[in-house]
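Worksheet: the structure to be examined is printed underneath.
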Amino acid sequence: MPTHYVRKGTRDAWELVETLAPRRDRGGMNDGVILLVEDNPDDELLALRALRKNNVKNEVVVARDGVEALDYLFASGSHAGRDTSTMPRLILLDLKLPKVDGLEVLKRLRSDERTKLLPVVILTSSREREDMLEGYGLGANSYVRKPVNFEQFVKAVEQLKLYWLGLNEAPPSLA
């Protein structure tokens with residue numbers, strides 16, 4: 001599974017975060033890993049480019065199917081021996097994945113004490129009402145439809161960055 005590095009937010013965006021939540025200890029947000037679970041190479045590239053364009057500094061780990069994501073999170077398979085005391089700061093989860101779909105990944109995350117509080121944003125092209133209802137029902141923190149237009153995608157990622165990596169306070173066990 002490849003690991004990609006991207007940069008931290010723009011000065012203006014982080015000034016806004018500091019204005020809205022002054023002097024808050026952000027629990028190592030710049031050092032936290034973002035787990036991107038995406039099987040489509042074009043959407044993976046689009047997401048990584050959007051993160052880069054928004055100057056996100058966090059390390060991004062890419063899992064290309066549900067099994068890879070679960071192996072990473074639970075230190076099994078090709079990730080056996082990974083230190084599970086370090087969990088992702090944020091998971092961006094597609095739904096339509098090979099091997100194990102995104103909803104099953106979410107179900108397994110929420111059923112395990114080690115991962116049940118991890119922030120999960122469903123980032124998908126699915127317009128199915130049932131996917132949205134089931135995603136929220138299984139404990140997704142947010143549901144975002146992937147914009148087709150790159151500039152709109154960049155703006156969506158900027159909003160995710162400002163909230164999930166800026167304003168949001170991670171649960172104490174994740175900070």
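Evaluating 6.51 cos²θ - 1.76 cosθ + 1.60 at θ = phi - 60° for every residue in region 157-172, the Karplus couplings come out as 5, 4, 5, 4, 4, 4, 7, 6, 9, x, 7, 5, 9, 5, x, x Hz, glycine and proline recorded as x. If Lys and Arg each add +1 and Asp and Glu each add -1, what is the summed charge of the other residues whose beta carbon sits under 12 Å from the beta carbon of Lys99? Cβ neighbours under 12 Å give a net charge of -4. Once both labels are positioned 7 Å from their Cα atoms along Cα-to-Cβ, the gap between Glu169 and Ser142 label points is 1.8 nm.
The modelled label-to-label distance between Glu113 and Ser78, using points 7 Å beyond Cα along the C-beta direction, is 3.0 nm.
Here Tyr72, Tyr143 are placed in order of increasing Cβ neighbour count within 10 Å, fewest first, which gives Tyr143, Tyr72. If you take the alpha carbon atoms of region 22-175 and fit the smallest convex hull around them, that volume is 109 Å³ per residue.
Counting neighbouring Cβ atoms within 10 Å and putting the fewest first, the residues Ser76, Ser85, Ser111, Ser126 line up as Ser85, Ser111, Ser76, Ser126.
Just so you know, all these numbers are worked out from the coordinates, no wet-lab data involved. Keep in mind that this is a model prediction, so the values were computed, not measured. Methodologically, a virtual Cβ is constructed for each residue, glycine included, from the backbone with ideal geometry; neighbour enumeration extends over all protein chains shown.
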